[in-house]
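The values are calculated or read from the model by the stated rules, or taken from the named source; none is laboratory data. Note that the structure is a prediction, hence the values are computed from the model and not measured. Ideal geometry is used to build each Cβ from the backbone, glycine not excepted, and the neighbour counts take in all protein chains shown.
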């Protein structure tokens, strides 16, 4: 890993073809959902690779996870 944050999601493809499959799912009320919106998405976080640069609230959260304390000067992005 070279970066502290990676993103991925579940994509189904036919074995012999490269294009992704489109699946849908209906509930009992007749509402249809694209399965791309139902299957999980993933974030892989490597806390040791975080460079302690705070640009947003997520960076502040990573800082706390890495150092087990709040940064002395917090940035407020709200």
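Brief remarks follow.
- For region 65-78, the candidate set comprises residues that are surrounded by 12 or more Cβ atoms within 10 Å (Cβ to Cβ) and at pLDDT 90 or above; within that set, the residue that is farthest from residue 3 (Cα to Cα) is 67.
- Pick from region 34-50, criterion surrounded by 10 or more Cβ atoms within 10 Å (Cβ to Cβ) and within 26 Å of residue 63 (Cα to Cα), ranking: modelled with the lowest pLDDT: 41
- Lone unmet requirement of (1) farther than 30 Å from residue 13 by Cβ; (2) exposed (fewer than 12 other Cβ atoms within 10 Å of the Cβ) for residue 27: (1)
- For region 22-33, the count of residues that are at pLDDT 90 or above and either within 15 Å of the chain's Cα centre (by Cα) or assigned by TED's automatic domain parsing to the domain that holds residue 72 (or both) is zero.
- Scanning region 23-51 for residues that are within 17 Å of residue 6 (Cα to Cα), in contact with a helix residue (DSSP H, G or I) (Cβ under 8 Å, 6 or more places away or on another chain) and not in a strand (DSSP E or B) yields a total of 3.
- Within region 4-20, the set of residues being touching a helix residue (DSSP H, G or I) at 6+ places or on another chain (Cβ under 9 Å) and over 21 Å from residue 61 (Cβ atoms) comprises 9, 10, 11, 12, 20.
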